[in-house]
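K.L.:
After the structure tokens below, expect a handful of questions from me.
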Amino acid sequence: VLGGLFPFMMALVTEDSMQPALMVVVVIVVIQTIDNYFIEPNMVGGEVNLSAFASILAILVGGLIWGVAGMVLFIPMVGIIKIVCDHVEPLKPVGYVLGDPDGNKPSKVKEWI
């Protein structure tokens, strides 16, 4: 929303009609939808081997603790925690809950290429 606010305001100020501003909103919504629902889960979920539950929980907790920076940084942090849990015998159940312990899930990027 904040990233799209500046282009929206510029379209309102520089153009005589509302159509360019509405087109800016449409383009931003379409790009965000594609990124949030297709690109991000397939790239991050395929490479880090985290479950959807762990990814969503990491984003929510990261947002509550550190805001937007936490939302970005907590996925790799949970990935590191998962790797440690997979290699420490008493923590293997936690690693299993966080994602596929063997990394058998093929990457969507590798399948696509």
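K.L.:
When residues of the range 50-69 are filtered for being in contact with a strand residue (DSSP E or B) (Cβ under 8 Å, 6 or more places away or on another chain) and of a type in the set (A, V, I, L, M, F, W, C), how many remain? Steps first, answer last, please.
P.N.:
The initial filter retains those residues of the range 50-69 that are in contact with a strand residue (DSSP E or B) (Cβ under 8 Å, 6 or more places away or on another chain), namely 50-51, 54, 58.
Then keep just the ones that are of a type in the set (A, V, I, L, M, F, W, C); that gives 50, 54, 58.
Count: 3.
K.L.:
Still on this structure, I have one more. Of all residues in the range 84-100, which are open to solvent by less than 100 Å² (accessible area, probe 1.4 Å) and either under 21 Å from residue 40 (Cβ atoms) or assigned to a helix (DSSP H, G or I) (or both)? Walk me through it before giving the result.
P.N.:
So in the range 84-100, the residues open to solvent by less than 100 Å² (accessible area, probe 1.4 Å) come out as 84-86, 88, 91-95, 97-100.
Scanning the range 84-100 gives 84, 85, 86, 91, 92, 93, 94, 95, 97, 98, 99, 100.
The values are calculated or read from the model by the stated rules, or taken from the named source; none is laboratory data. As the structure is a prediction and not an experimental result, all values here were calculated from the model. Backbone-built Cβ (ideal geometry, glycine too); neighbour counts: all protein chains shown. Surface accessibility is based on the protein's heavy atoms, side chains included, excluding ligands, DNA and RNA. Shrake-Rupley method; radii C 1.70, N 1.55, O 1.52, S 1.80 Å.
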